[in-house]
Structure formats: C-alpha cells, structure tokens
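**Q** Could you have a look at this structure, given as structure tokens, before my questions?
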Amino acid sequence: MSGAWLPLATLATSLLASLIIFALPEHRHSIRTTVNILAATLKLALVAAMTWGVFQGRFYGISYEMLPGVRFVLRADAVAMLFAGLSALLWLFTTLYAVGYLEGSPNRSRFFGFFSLCVASTLGIALAGNLFTFFLFYEMLTLSTYPLVVHRGTPKALRAGRQYIIYTLGGGAVLLLGVVLLYQLEGDLAFRETGHLMGSDPARYPALIGIFALLVAGLGVKAALVPLHGWLPTAMVAPAPVSALLHAVAVVKAGAFGIVRVVYDIYGIDFAASLGVLEPLAWVAAFTVIYGSLRALWQSDLKRRLAFSTVSQIAYIVLGISLFGPLGTVGGLVHLLHQGIMKVTLFFCAGNYAETLGVHRVDELDGAGPRMPLTSLAFTVAAFGMIGIPPLAGFVTKWMLGRGALAADMAWVIPVLLLSSLLNALYFLPIVYRLWFRPLRGDWPAERALGRLETHALLLWPPVFTAVLTVLVGVLAAAPFSPLAWADLVALRMYLP
Amino acid sequence: MSSLLMAGLLFTPLAWAVLCLLLAFRAARLASVIGMLLQMALSLALWAWVAEQGGFFYHLGGWAPPLGIGLRVDGLAVTFVLLTALVGAACGLHAGLYLDPSRPWQRYFWPLFWMLWAGLNAVWLAGDLFNLYVGLELITLAAVGLVVLGGAAPALEAALRYLFAALIGSLAYLLGVALLYAEFGSLSLVGVGEGAGSASPAASFALLIMLFGLAVKAALFPGHTWLPPAHGIARAPVSALLSGLVVKAAFYVAARVWLELGPALEAAVVGVLLGVAGSAAVCWGSWQALRQPQLKLVVAWSSVAQIGYLFLLFPLSHGVPEAVSLQAQQGVTLQVISHALAKSAMFLAAGNLILSVRSKRVEALAGVSRYLPLSLFSFGLAGVSLMGMPPSGGFAAKWLLLQASLASGQWWWAAVLLVGGLLAAAYVFRIYRASFQEVEESDPFYHPPRSLEIIPLVLALLALGLGLVAEPVLSVLGLPFGGEVLSP
Amino acid sequence: MTSALLYVLAGALLCGGGLAGCLLVRHLLRRLLAFNLLGSGVFLLLVGLPAHRHGSDPVTHALVLTGIVVAVAATALALVLIRRYFHLTGRVSLPTGRQEDR
Amino acid sequence: MSWAFSAAVLLPLLAASLVATGSTRFLLWRLLPWLPLPALLLATQVRDASVDIPWLMLGARWQLDTLRSPFLLAASLLWGGAGLYARAVLEGAERERWFLSSWCLALAGNLWLIVAGDAVGFYAGFALMTFAAWGLVVHADSPRALWAGKVYIAMAVLGELALLAGLLLASELAGGSVLLAEMATALGRSQQPGLALGLLLTGFGVKAGLPLLHFWLPLAHPVAPTPASAVLSGAMIKAGLLGWLVVLPLGLTSLPAWGTMVMALGLIALLGAALRGIWTREAKTVLAWSSISQMGLATLMLGAVLVEPALWWLVSGWFGLFVLHHGLAKGALFLSVGLSLPGAPVARGLALLVVALPALSVIGLPLTSGEAVKRWLKDSVSGDLAGAVPWQPWLPHLLSLSTLLTLLLLLRWWWLLRSGDGSTAVATLPWVAWLLLAALSLGLPLYAPILL
C-alpha cells in the first residue's frame, strides 16, 4: 500500500499548505512561516524516502480513470525523482529566503499560497506517469505562477504578467493539440522507460514528426527555446524568490523536463533518432545556447542578465537530450540539477543586493564585495560554476556534454560549448571584477541595515548553503549519491531495452 | 417510490411558488430554504435510483401518453435535474442574502424563482414535444419576470427585448411541433424517432424551424442580442440562474430533438450551419467580452461565447461513427454542467465584487486581490473552468470535444476550441489584471458577510472538481431510457 | 380539397403576416398584436393540418387550448411591461440607436 | 599517503581564508614563506607515489614521479623565497588583502596541478592558478596594469578553452578515462591525433609563452609586484611545460611534422625573444623576454623528443634540471630588481657584482647549472640517438649563438639595474630572500644529482 500514498502525500503536503495559507489572515506571520517551513521539510523527507525506495527498485504509483479512455497516473521513476528531488530541496531554501525577503511587504498570504501551489504542480509534473497528467500539472503551473509574477501589482509587473500569460497559454494550447493528436494516433500516452512508439508503422512517421514538433514547441515556451523565450527576461520584474524558484527551478525546468519525457519515455531515443528529429532539436538548442549568452552580454540590469543566462543554460539540457547516446543524456540530466543549484544561488545574491543595497544594475555593483563578503563569495562561486571551471558543478556538465557530443559524433557541439563558456566568462567575470576589485563610488542607492550580519539572516544563509552545495556537487561528482551518479542510474535504465 | 420522486420534483416547486406568493420576503425566504433542501434531497434520491435501476418512462397520473403527460427519465435528464437542484439552491441561498427586502417588488422574487425551477424540471423530464413547449414557456415567463424585478427603465427595455425574442422562438418551435405532429401523428420524442425513417422533406423543414426557434431562445450567435443586456442588468443571482440554467434548457430541447430526429433526416447542412454559428458565437462573444467596460457585461458576453461551444454538438453528432457521436455528446454534456456551475459561480462572485467595490466598472477592481481575496478567488476558479484549463470540468469537456472533432475528421472544430480557450483566457485575465493592481491607501471596500462569499466558492470548486470525477458522472449519464414503464 | 386545407392556408398566411409584423414593426403594442397573429396562425396550422390529413383529432384541440392559455399569459406579461415602460420613459418603442453592445 | 598530497594543496587554500580580518592577516604574513613547506617535504621525501580517489570529482588521482618531483621542488623553493621577499616588501601596503588572497590561491593552484594525476584535477589547478595570477597582475590597479590584466585574462581564457577541448578529445580517445597517463598513451596510439595535439599545444603554449601566444608575458611582468613576477616567471610558466610533458605522447610514437614545428617555435623563441629583449627600457621586461627565450630551450628539447621518441628515456631528467635551474635563477634575478642597493659607490659596485651572479648561471658559464643544462641539451640533440632530428648540424652553433644573445640581454638588464636610483636604506630581509634563492640556484650542480 505504501506504493500509492507516498506520491499522493508529497503532492498533498504543498496543496494542503497552500489551502491553509490562503485561509490564514494577513497578519498571522508566525503561523504562516511555520506552516511553510513544516511543509517544505516534510516534503523533502517524503521525496528523500521515495528516492531511496526507487533506488531499491520499489514501485510507487497510483492511477485512476479520470476521463473515458484516459487515466490520471502518478509514478515515481528514476528521472522523476531527479526533478522532484531538485524542486523539493531548492523549495526549502527558497521558502526561507522568501520569508526573509518579503518581511514587511503586503499580500504575503496570497504570495505563499500560490508559492506552495506552484511547487505542488512542479512535483506533479515530476511524478506524472503519462503525458495527460503531465499536461494537467503543466497548465496548473502556468496558473499558479501568474499571481507570483504580478505580485508587486505595478503596471510594469502587470505588463510582464500579460506577456508571460500570452506565451505560456499559447504554448499550452499547442501542447494540448499535440497531446490530443498523439492520443488520437497512438491511443496510449503512458511514459515507459524506453518509449513505446517504436512499433508504429512507417505510414505514420510524417504525422509523428509533426506531433513531435508541436510537443516540443509547446514545451519549448516554458523551456525558453529561442523564438519562444521572450517572456523570461520581462518576468524578471517579479520579486527575487519568485525569479529564483521559477526561472531557475520550477517553470523553465518543467519545459526541459517535458522534453526529456517526450524524447525518452514517449518516442524513445532510438526511434526519435531514426525519425531524424534529434538533429534539428540540437540545432535549436545550440542556437539558443549562443543567443542566450550573447544577449546576456549587453544587459545592464543584473537580473535580466541572469535571465538570459538561464535561457542559454536550459538549452544545455535540451542539447544534452538531443545527443543520441547515454553520455549526452547524463550530461543533460545532470545539468538539470546543477543549473538549478547554481542559478538559485545567483538569483538569491541578486535579490540580496537589491534588497540590502538597492542595487539593480551591474555597474552599481562596484565595491559590493567588501560590503557583503559572504553573498559576493557565493555569487563568485556560482559564477565560476556557470563558466564551467572545475571542480565546480558546471564543469561536470560541460565535460559530460562534450563527451556525449563526441560519442554521438556530433562534434560541432564542442565549439558551441566552448563559445558559450567564453561568453559566460565575458558576462560573469566583469561582475566578479566589479564586486571585488573596484572601490565603492559614493554610497549605495538604498542601503538598509537588516540585522547584525551583512544582511538579514534568512537572506544570507540560503545562497551560502547553495553555493557550498555547488562546490560539493562538483567535487563529489563521482560519489555514490551525487547527482551525476543518479543521472547515470537514469541513463542506464533508459538505454537498457 | 419513483412516483413519489416524480411528483415531488414537478409539483413541490409549483406548490412552493404559490406558498411564497402569500408570504413576505423573509418568511418566504425561510420557506424557500426548506423547499430547496427538499428539492435537493429529491433530486439526489432520483439520481441514486436511476444510477442503480436505470432510466424509465413515467405516466403522470397513470394516463397513457397521447392524452396523459408522459415523462421520461434517463441518465441525461436526471443529471440535469441534480444540476438544477445544485445551481438553483446556490442561487436561491445567495439571493436570500444578496437581495435587499426593503426595496419594492423584491418579495415577488421567490414565487418567480420557484416557477422557474418547476419549468426547468418540466423540461428535463418531459417525454413529448408539447410538454417541452409548455416547460419552455413557463421558464421564459418566469425568467422575464425575474430580469425585470424592481428594475428601472433599462431593465424593462432588456426584459421586453428578451420577451419578444423568446416568444418568437417558442412560436417557431410550436410551428415545428405542429408540422411534426401532422407528419408523424405522435408527439412523444420516442414515437417521432421511430417514425423518422420514412420522413418527407416537410419533416426536415419542421426540424429546421424548430432548431431556429430554439437557437434564438438559446441566444446562439445571430439571435444573441437580447442576452447581454438581460443578463447584464439583472440582479446577480438572477443572471446566474439565467446564464447557468435557462439558456441550457433551450439547448437541451434542441439536442434531444436533434439526437432523435437528426440522423434519420439528412440534415447535415443544418448541423454544419449551427456549428459555424457556434464558432462565430465563440469568437464574437469573446471579442465583445474583451471590450466591455462593465464587469457583469463581460461575464454575460462570456456566456454568449460559451454557448457557442455547445452548438458544436450538432455537426459532430451527424454522419459520424457512433463512438464519436457518443464522445461528442459526453463532451457537450460536461461542457453544459461545468459551464452552468462555473458561470453561476462567476456571476455570484461578480455580484459580490460589485457589491463591495460599489461600482460596476472593471477598472474599479484595483486592489481587490489584497482586500477581497475570497470572492476574487472564487471568480478566479470559475475563470479556470471557463478557460478549459485542467483540472476543471471545462478541460475535460474540451478534451472530449477535441477527441471527437479529430476522430470525425472535422479538424476545424478543434481549432475553434483551442482559439476559444485562448480568447476566454484573454478576458478572464483582463479581470485578474485589473484586480492585481496595487492600491496605496487603506482598505476602501465594503466587506459583505462571509457566507455570501462561500456560495460562489463552493460552486467554483464543484466546477473545478468536476474534471477529476468526470468518469463517474459520464457513466451515469450514459444510461439509456430502458424499456419498462412505471406508473404510480 | 377539404375545408380544413382552407384553414391551413389561412393559418399559413397569418403566420407570414405575424412574423413580418413581429420583426419589422417598432411600436411595441403593434409588435404584440403581430405576435398574437403569429400565434393564431400557428394554432390554425396545428389543428388544420392533421384535420386535412386524417380527420378531426381531439389531441390537437387539447394542444390548442393549452397554447391559447400560454399565449394569453405571455400577452398579459408583455402588456404590463409595455405599460410600465411607457410610464417610466414615455416611449412606446424600444430605442433602436446604435447599441454599443449590439 | 593521500593526506600528504591533500595537506600540500589545502594548506595554502585554507590560508587564503585568513585574509578576512586584520589580526589573521598579520599571522598570514608570517606564514607566507612556510606555506609551500608540505610540498617541499613531499618533493624531497616521496620518490614515486600514486593515490587513487574514486569519489573525488570524476575519479581523481594524486601522482608524484621522477618527472613531477623536480617541478614540485622548484615551485616550493621559489614560492618560499618569493614569499619571504613579499613579506618584507609588501606587508602593510595598500590592497594587501587582494595580494594575499591572490597569492595563496595561485600557490594552491600551482601545487595542485603539479601533483594532479587526473585531467580534471590538473585543469582545476590550472584554472585556479590562472585566475588567481590575474589578481596579482592587476594588483597595482594602474591603467597600465588593468590593460595588462585584460590581455592576460583574454589569452588565458582562450588558452583554457583550447585546453578543455584538447582534454575532451584526448579523453574520448582514451575511452572516457580522465587519467593523464592513459590519455597520453591513447594519443600515442590513435591514427590522427592532430586536432587534440594542436589544441593541447596551443592551450599550454599560452602559458609557456610560445611565439605568437606570448604577448601577455612582457606586459604582465613589469606591472606585477616583484615577488609576483618572480613566481609568475619562475613557477607558473613551467605549468605549461609540465602540461606538455604529462599529456603529449612522448617516447611512444614519432611525430616528425609536429616535432619539427615545435622545434622551430623553440628556436624562434630562443633567439627572437633574446633579440627583442635587448632594447626594452625596463629591467623586469628584459627578464620577461629572457624567460620567453629560456622557455624556447625547453620547447626545442620537447620538439626533438617528439621527432625522435627514443630520446625521451635519455632526456626525461633534463626537463627537471632545466626547471630547477631556470626557476631558481630567474626568481633570483627578478627579486634582485626590487632590491635596494647601497648608496656608497664602492659598496654599490660590490652589490651589483654579487647580484649579477645568478645571471651568469642563466647565461651558462662553466661550473653553473646553466652550462650543465646547455651541454646536456647539445650532447643529446647532436648525439647518435637523435638521427632523425632536423637541422642537426646547425643546432650546436645556434645554441652558442643563443648563449651570446643571452649574455647581451643580461648585460642590458645589468646596465638598467646599475642606472636605477640608488636608495639609501638597505633592508636586510629582501637581501636574505635573494641570497637564499641565489645560493640554491648556484649550488644546484652540487645537490641536483642527489635529488634527481
């Protein structure tokens, strides 16, 4: 019986938490924080238990018929736990950070309600057992993130929200069309370890290619592949914890994770390769990698620069997926985790600078190092991780992607990786330089003393911890329970017939 | 046992109507609450009875159909009865708290309310065409009365416009009934269905007129002009009842007739025509909803758009394999149920918002999300179902309709569904945008009693939850009439 | 060519006239009258057609009776509304002007 | 055994954290010269050791063998002496924290890459050293320093990207293994290692100052503080050389084309750099050009080995000797530039003579380590084993020409030193540090055979 209740319990924790928080009146801060943190830790424990179970090979899942012919299926398999683990872990930090960040601002009940609703849908996406359930949570994620994007209520935020909705709902409609067509053609939407479209007769190949294009386009909106990435930089107007969770973990990863599911568990990597759809996907991803980094170069606003960096980094995952072969998969999947950890740190630090010093632009960062040493150190570590300097997490991904590209004899990917690392260096090093090596010019735009340390305790420790995590994940890459080992396990299960 | 249920469903509302006529507002309200509970119990009992026994015919008073009133109960009818009980009870309770007894004419709300309920039950359970006509008329007169209740000149004007449109519609329907009776010599739907095989062109002409009349009463695109002012100006609970149930009654009759007669008479052209009109309704309704400055008019125009979806049933159930037609029927029924729940929730929530914001305009909603989270939340949840986003009932309906349209090869309806969903999102998010605007000064709004906000929330949650329990609902819905005849 | 056919033709004529009146006339009372014409036409058809086909049929008589009751009720309601509308606005026809929510 | 390796690398890394507060900085200044001590002990005590750590990064390995221990020895001695000098000159100077953190991180990176047996560890140490050295180069924070820093970081990043690509290709050839030894053998066995070799050569070439990749060197040295440029020239440049020795398939296959090209580059560096250095106006820049030219020697030898694999077993010891010789001598020369010479004419003349001693070793006068290095090179290149080495008859003459040019170069340096402003107060500690390095350099012929 334990097989069924664990996934449900994981979802229920944040659903319940969001209901309680919605019901809480605005002034009950302490209760709301305890509910938040309790739910986050409980969820982390549940996900850890499930991960351990899945590692042992136990089955967790539940399925019931929701619509005639279509079932609502939750299933915890290896790749699901990869994404669920990431979301649960980073949600704990982001909640702590958000509590500190939103001290004294209005609408916190509404914020934390939708915040936990958003993570519930992210976990739903991770645990979905078939494309129908995936779509269900995919759309719920869109709805629960809109109020977070427009949380500040300023005209700018509302405009960003509008653009966000146009992109994501448009993508959702295209994805729905793809799912319905696939169901019409194949009649079966379940995720199976090595995909199940191998057997379909060749007459349907053009249709299947068309459907693949629709599915990837729908998912590409959230994965911010180039033509569809417009919403991400403008959504940076949201508060820092929202950009941290959404644009480093939940929303963008949902898109990339969707593509992983479609390529591996619906089409199957060999069938997708034989269809010839991986090559164009690799081109789009490669173009996004370069375009994202190029655009990031000229952004003067810190968070917009990080946003474009996210656009480029997510395309790494898609690039890894489209490299036919276990190495490429491992590269893509492990970057799913590494990018999350590194990007969350960067957004936390950006939030700290904005909240404590009132600094939003890159050229206002001069001399921030000595003023906020721990935050700047965390930023530097994460920045070097993004550039791909060993022994940090980013290097492991680039190494795996490089090896995967060579194994899949798509050697043209290596110059793309190198050019992107160069561009990463070009837009991160100047920031590190300004932080540490430039003296302070005049005083800070809006300096606020937030507690004994350089800033509020809840704002300071999350980024420091995630920075330490970046180093640990990189240094202990080959250790048994590291993300890389888990990605190997996933790739192993995917490529075994 | 079943006779008790049937009598209860048809006659108690009429009895309550007369009773409320004699009482003052507050006493009538108390009586109505009891009545509503009774109705709810009866509907649930009938639903449970049909769920395990299956559908049956029922002759009122024991007289056979040609003379006596033959009622017909099947899965579809009983589900709609339960739906009426749910939405009716909610709107009644809300009206009890929302309407201000001191204003003139308000005490006549309850009699008209019960009349409407009786008419609705009569239409759902009617077995023959003429009963449907009587039921429709009863609904129309009660509805017009409710629209104009205590209203000023604009309400009167809207009511007159509504009355004339509805009367023309029902007379056209009656003309159709007359021609069909002349053709087949029987009024009962089943009888007409069997005789349809050897039909002459006159029968298809009759069908055309009937459908035209019903389309006008259901405010399908060309004949929709009366709906927005009527639903926009009426009191919130009234417009909830109108948009949620009254409009559906005309569509229910049209669907029944079409499913019985349509396949036999080669009326494919009519089906496509209605489908095109439906699509036009979706686009025009949503476009207008985007441009309305007043909140209730936005919701009214949204009804015009959502009704367009229902009429997609006609092209999708004609000249297609049986399985596809069944899928289309299930889809449309889910759409009807989820729209009824969601739209009534939206109208009630809009009423609450207007009550507390003290202005009908959308822009006045700024800062609502901060001070009135509950009513905005129920409005939002209803919006989710209207947009057809998972896990709502609207999504389940959209999924089934998409399946049906793709399976039947008429892929263009799928395009309409997807575009419609996006347009619905456009006008729903327009309201969110307005409400998320931040307001500096302190709380400027009037806070209505908590219970007033709970009712739309319950309805919205039902619409949302419908998606998750779509399968059981559809299984009951599929129950056919069954052969045996039950008499008292 | 039974006499019933004569009624059927009259009924058809009445229906045509009534329908035209309902749609085209602006004055409310005249529209109401046109509506009653249309109703009577339909009732004539309702009785005439079956009579023409296979002799007099009691069912149609019952139907017409109910129909007439309903028509009377509808007309009464319309009259009350029109009178109230006239009392409030002094107009006898609905404003046609470009209704922004046409 | 692995704790010894870890201690050598982690001590300077952890010391960097002492930069935070004033009091700990005082302690760090005292500790600075002793930071390379564990590495020194490791270099002297341990002859041949290899420790595998499967869970670290992608499967790490600490390795120390006859090839690496001289590098470790040279580096630790040089960093120690320069550290002592730095404490004397830079303690209490402004941007002290900046210097200390860069110094410690660069030292940690340098030691890490020497003892790393796996490509990931090597690349990590290499990157850490490169970015930390950038801190030293721009320490003066003057426009000229910033420009030198920009050029340095641009070339360094490009070099590292080429290196990453090269290591990736080599690792792919080696079937995914990250161990340098296996990569070298794989490169030796593969049919067309061209691309990987090219990338690795350029990657390490940037650091080792190959012609056309050397632009940052003459810019960076003059702006860096004196101990930093000593270390930069003495130990950090050698990292490029170590990289070649460890990754390239030396002694496995004959690569005539690549070998000839490398030898040509070596010769260009040897002669061209010396020529170019003669008319520069600053003492440190002259020494920078001299470093480039001396590195030309090592490149020449490397090219010879690439052409004639059999040479490798003969000359593998040569590189160790070269590193020790050039590292210590060049370090001493750089330190002497910063020394304060006594005012009185006689004392000044005497001091200038003493200071010139290490220069003699670099030129290669008899009885000095420089002469031993040159002779060993001459014998091996023109010896019977090196049959296939191109321009064989010409090499001895070219080498003697290089000795002459180096003589002129260092004379130029000496003359610039002489015309420097004679300051009065003579600080003893810098002289002690210089003396330490000079003695070690001059004494090399005595203790080298024992250690190598």
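**Q** Given the residues A:Leu102, A:Leu131, A:Leu136, which is the only one that is within 30 Å of A:Thr455 (Cα to Cα), among the aliphatic types (A, V, I, L, M) and more than 17 Å from the chain's Cα centre (by Cα)?
**A** Unique residue meeting the criteria: A:Leu102.
**Q** Can you name the residue in region A:143-167 that is of a type in the set (S, T, N, Q) and in contact (Cβ under 8 Å) with a residue 60 or more places away in the chain and, of all such residues, is nearest to the other protein chains (Cβ to nearest Cβ)?
**A** Filtering region A:143-167 for residues that are of a type in the set (S, T, N, Q) and in contact (Cβ under 8 Å) with a residue 60 or more places away in the chain, the one nearest to the other protein chains (Cβ to nearest Cβ) comes out as A:Thr154.
**Q** Mind listing whichever residues of region D:64-101 are surrounded by 24 or more Cβ atoms within 10 Å (Cβ to Cβ) and of a type in the set (S, T, N, Q)?
**A** The one that is surrounded by 24 or more Cβ atoms within 10 Å (Cβ to Cβ) and of a type in the set (S, T, N, Q): D:Ser76.
**Q** Under the condition of being within 11 Å of chain D (Cβ to nearest Cβ) and within 23 Å of A:Phe257 (Cβ to Cβ), which residue from region A:474-489 is surrounded by the fewest Cβ atoms within 10 Å (Cβ to Cβ)?
**A** A:Phe481
**Q** Of the numbered conditions (1) of a type in the set (D, E, K, R); (2) in contact with a helix residue (DSSP H, G or I) (Cβ under 6 Å, 6 or more places away or on another chain); (3) at the interface with chain A (Cβ under 10 Å from one of its Cβ atoms); (4) in contact (Cβ under 8 Å) with a residue 40 or more places away in the chain, B:Asp443 fails exactly one; give the number of that condition.
**A** It is condition (3) that B:Asp443 fails.
**Q** Name the one entry in D:Ala269, D:Ala304 that is part of a helix (DSSP H, G or I), surrounded by 24 or more Cβ atoms within 10 Å (Cβ to Cβ), small (Gly, Ala, Ser) and modelled with pLDDT of 90 or more.
**A** D:Ala269
**Q** Using the structure shown, decide if C:Gly21 is surrounded by 15 or more Cβ atoms within 10 Å (Cβ to Cβ) and of a type in the set (Gly, Ala, Ser).
**A** So C:Gly21 passes the test.
**Q** How many residues are within 13 Å of chain C (Cβ to nearest Cβ) and either farther than 25 Å from B:Gly351 by Cα or surrounded by fewer than 24 Cβ atoms within 10 Å (Cβ to Cβ) (or both) when one looks only at region B:297-321?
**A** Qualifying residue count, region B:297-321: 2.
**Q** Tally up the residues in region A:180-204 that are of a type in the set (A, V, I, L, M, F, W, C), within 20 Å of B:Ser405 (Cβ to Cβ) and assigned to a helix (DSSP H, G or I), please.
**A** Within region A:180-204, residues that are of a type in the set (A, V, I, L, M, F, W, C), within 20 Å of B:Ser405 (Cβ to Cβ) and assigned to a helix (DSSP H, G or I) number 4.
**Q** Let me spell it out: the conditions are (1) in contact (Cβ under 8 Å) with a residue 40 or more places away in the chain; (2) within 13 Å of chain D (Cβ to nearest Cβ); (3) closer than 25 Å to D:Ala108 by Cα, and A:Gly388 meets all of them except one. Which number is the exception?
**A** Every listed condition holds for A:Gly388 apart from (1).
**Q** What helices (runs of 4 or more DSSP H) lie completely within region B:223-297 and have 1 or more residues being of a type in the set (Ser, Thr, Tyr) and farther than 30 Å from B:Tyr108 by Cβ?
**A** Because the criterion is at least 1 residues that are of a type in the set (Ser, Thr, Tyr) and farther than 30 Å from B:Tyr108 by Cβ, the helices (runs of 4 or more DSSP H) in region B:223-297 that meet it are B:268-291.
**Q** Could you say which residue among C:Leu63, C:Leu37, C:Leu77, C:Leu45 is farther than 15 Å from B:Leu129 by Cβ, among the hydrophobic types (A, V, I, L, M, F, W, C), assigned to a helix (DSSP H, G or I) and within 7 Å of chain B (Cβ to nearest Cβ)? Full working, then the answer.
**A** Working: C:Leu63 fails: farther than 15 Å from B:Leu129 by Cβ; C:Leu37 fails: within 7 Å of chain B (Cβ to nearest Cβ); C:Leu45 fails: farther than 15 Å from B:Leu129 by Cβ.
Result: C:Leu77 is the single residue among C:Leu63, C:Leu37, C:Leu77, C:Leu45 that is farther than 15 Å from B:Leu129 by Cβ, among the hydrophobic types (A, V, I, L, M, F, W, C), assigned to a helix (DSSP H, G or I) and within 7 Å of chain B (Cβ to nearest Cβ).
**Q** Now a separate question. Looking only at region B:181-202, which residues are facing another protein chain (nearest Cβ under 10 Å) and buried (at least 19 other Cβ atoms within 10 Å of the Cβ)?
**A** Once the filter is applied, which keeps residues that are facing another protein chain (nearest Cβ under 10 Å) and buried (at least 19 other Cβ atoms within 10 Å of the Cβ), region B:181-202 yields B:Tyr181, B:Ala182, B:Glu183, B:Ser186, B:Leu187.
**Q** Only one of B:Phe130, B:Phe205 is surrounded by fewer than 24 Cβ atoms within 10 Å (Cβ to Cβ), of a type in the set (Phe, Trp, Tyr) and either more than 10 Å from chain C (Cβ to nearest Cβ) or touching a residue at least 60 places away in the same chain (Cβ under 8 Å) (or both). Can you tell me which?
**A** Details: B:Phe130 fails: either more than 10 Å from chain C (Cβ to nearest Cβ) or touching a residue at least 60 places away in the same chain (Cβ under 8 Å) (or both).
Going through B:Phe130, B:Phe205 in turn, just one is surrounded by fewer than 24 Cβ atoms within 10 Å (Cβ to Cβ), of a type in the set (Phe, Trp, Tyr) and either more than 10 Å from chain C (Cβ to nearest Cβ) or touching a residue at least 60 places away in the same chain (Cβ under 8 Å) (or both): B:Phe205.
Each row is one residue, and each column tells you yes or no for (1) among the charged types (D, E, K, R); (2) under 22 Å from B:Leu76 (Cβ atoms).
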| site | (1), (2) |
| --- | --- |
| B:Leu10 | no, yes |
| B:Leu14 | no, no |
| B:Cys20 | no, no |
| B:Ala27 | no, no |
| B:Ile34 | no, no |
| B:Leu37 | no, no |
| B:Leu46 | no, yes |
| B:Glu52 | yes, yes |
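**Q** Filter region B:345-363 for residues that are in contact (Cβ under 8 Å) with a residue 60 or more places away in the chain and of a type in the set (Gly, Ala, Ser); which is farthest from the other protein chains (Cβ to nearest Cβ)?
**A** Among those residues, the one meeting the criterion is B:Gly351.
**Q** Answer yes or no: is there a residue in region D:394-407 that is closer than 25 Å to D:Gly277 by Cβ and aromatic (Phe, Trp, Tyr).
**A** Taking every residue of region D:394-407 in turn, at least one turns out to be closer than 25 Å to D:Gly277 by Cβ and aromatic (Phe, Trp, Tyr).
**Q** Additional query: With the structure loaded, tell me whether B:Leu149 is facing another protein chain (nearest Cβ under 10 Å) and farther than 20 Å from B:Ala254 by Cβ or whether it fails that test. Before you say what the answer is, go through the steps one by one.
**A** Working: facing another protein chain (nearest Cβ under 10 Å): no; farther than 20 Å from B:Ala254 by Cβ: yes.
Taking the combined requirement at face value, the residue does not satisfy it.
Results for (1) outside any helix (DSSP H, G or I); (2) surrounded by fewer than 24 Cβ atoms within 10 Å (Cβ to Cβ), shown as yes or no for each residue.
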residue	(1), (2)
A:Val73	yes, yes
A:Ala80	no, no
A:Gly85	no, yes
A:Ala88	no, no
A:Trp91	no, no
A:Tyr97	no, no
A:Ser105	yes, yes
A:Ser109	no, yes
A:Phe115	no, no
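**Q** Restricting attention to helices (runs of 4 or more DSSP H) lying wholly within region D:137-248, give those where 2 or more residues are closer than 29 Å to D:Ile278 by Cβ.
**A** In region D:137-248, the matching helices (runs of 4 or more DSSP H) lie at D:143-173, D:194-208, D:216-223, D:226-231, D:237-247.
**Q** In region B:110-126, is there at least one residue being under 24 Å from B:Pro222 (Cα atoms), out of contact with any Asp or Glu (no Cβ under 8 Å at 6 or more places or on another chain) and within 14 Å of another protein chain (Cβ to nearest Cβ)? I'd like the intermediate steps shown before the answer.
**A** Going through region B:110-126, the residues under 24 Å from B:Pro222 (Cα atoms) turn out to be none.
So far as region B:110-126 goes, no, none of its residues is under 24 Å from B:Pro222 (Cα atoms), out of contact with any Asp or Glu (no Cβ under 8 Å at 6 or more places or on another chain) and within 14 Å of another protein chain (Cβ to nearest Cβ).
**Q** Run D:Ala170 past the list (1) touching a Lys or Arg at 6+ places or on another chain (Cβ under 9 Å); (2) among the small types (Gly, Ala, Ser); (3) more than 9 Å from every other protein chain (Cβ to nearest Cβ); (4) surrounded by 24 or more Cβ atoms within 10 Å (Cβ to Cβ) and report the number of the one that doesn't hold.
**A** Against the list (1) touching a Lys or Arg at 6+ places or on another chain (Cβ under 9 Å); (2) among the small types (Gly, Ala, Ser); (3) more than 9 Å from every other protein chain (Cβ to nearest Cβ); (4) surrounded by 24 or more Cβ atoms within 10 Å (Cβ to Cβ), D:Ala170 comes up short only on (1).
**Q** Separate question: Condition (residue is crowded, with 24+ Cβ neighbours inside 10 Å, among the basic types (Lys, Arg) and touching a helix residue (DSSP H, G or I) at 6+ places or on another chain (Cβ under 7 Å)) applied to region A:326-345: is it met by at least one residue?
**A** Yes; the residues of region A:326-345 include at least one that is crowded, with 24+ Cβ neighbours inside 10 Å, among the basic types (Lys, Arg) and touching a helix residue (DSSP H, G or I) at 6+ places or on another chain (Cβ under 7 Å).
**Q** Then there's this: So which residues in region D:173-205 are within 14 Å of chain A (Cβ to nearest Cβ), within 27 Å of D:Ser293 (Cα to Cα) and of a type outside the set (A, V, I, L, M), if there are any at all?
**A** D:Gly194, D:Gly198, D:Thr202, D:Gly203
**Q** Another question, then. So D:Trp55 ticks every box in (1) within 14 Å of another protein chain (Cβ to nearest Cβ); (2) without any contact (Cβ under 8 Å) to a residue 40 or more places away in the chain; (3) outside any loop (DSSP other than H, G, I, E, B); (4) not hydroxyl-bearing (Ser, Thr, Tyr) but one. Which box is left unticked?
**A** Of the numbered conditions (1) within 14 Å of another protein chain (Cβ to nearest Cβ); (2) without any contact (Cβ under 8 Å) to a residue 40 or more places away in the chain; (3) outside any loop (DSSP other than H, G, I, E, B); (4) not hydroxyl-bearing (Ser, Thr, Tyr), the odd one out for D:Trp55 is (3).
Each row is one residue, and each column tells you yes or no for (1) polar (S, T, N, Q); (2) under 25 Å from B:Ala349 (Cβ atoms); (3) modelled with pLDDT of 80 or more.
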position: B:Trp47; (1), (2), (3): no, no, yes
position: B:Val50; (1), (2), (3): no, no, yes
position: B:Phe57; (1), (2), (3): no, no, no
position: B:Thr84; (1), (2), (3): yes, yes, yes
position: B:Ala89; (1), (2), (3): no, yes, yes
position: B:Ser102; (1), (2), (3): yes, yes, yes
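The values are calculated or read from the model by the stated rules, or taken from the named source; none is laboratory data. Since we're looking at a predicted model, the values are computed, not measured. All Cβ positions, glycine included, derive from the backbone under ideal geometry; neighbour counts span all protein chains shown.
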